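The values are calculated or read from the model by the stated rules, or taken from the named source; none is laboratory data. Just so it is clear, the model here is predicted, and its values are computed rather than measured. Neighbour counts run over all protein chains shown; Cβ positions are idealised from the backbone, glycine included.
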């Protein structure tokens with residue numbers, strides 16, 4: 001059944017023609033909200049996405065994919081949105097959805113800032129790990145040198 005055709009298909013909707021008035025509704029779910037400074041992105045998706053994934057699973061799939069792909073601070077935000085879309089689509093397919101899976105990710109200003117912050121935090125953690133590893137190697141080298149002097 002073609003959804004767009006069904007909106008105006010009288011036989012599909014009217015009971016007197018053996019139709020079902022609730023087969024496909026043309027009344028969308030609409031939510032109005034003010035975009036705040038701390039909003040990062042919005043996901044618009046069809047039922048094929050949300051029949052298999054919860055809102056939090058969709059957000060998690062989007063963030064994980066966007067963060068993995070954010071490798072350069074000068075990277076275009078469009079590529080990060082594309083990675084987020086890809087992550088959501090893959091998560092839906094992994095849940096074995098059999099429906100249409102259409103999704104759009106709309107980034108707000110905070111999305112890029114949050115990705116940069118995440119990248120900076122990751123880099124700091126990596127630097128800390130490298131410092132600890134360097135200190136451990138220095139300690140190990142010192143003890144090996146000391147042991148070789150004691151053995152001589």
Scan the range 66-85 for residues that are at pLDDT 90 or above and either exposed (fewer than 15 other Cβ atoms within 10 Å of the Cβ) or within 8 Å of the chain's Cα centre (by Cα) (or both) and jot them down.
83, 84, 85
Filter result (more than 17 Å from residue 61 (Cβ to Cβ) and in contact (Cβ under 8 Å) with a residue 60 or more places away in the chain) within the range 114-139
none
Would a scan of the range 53-62 turn up a residue that is under 15 Å from residue 39 (Cα atoms) and surrounded by 16 or more Cβ atoms within 10 Å (Cβ to Cβ)?
yes
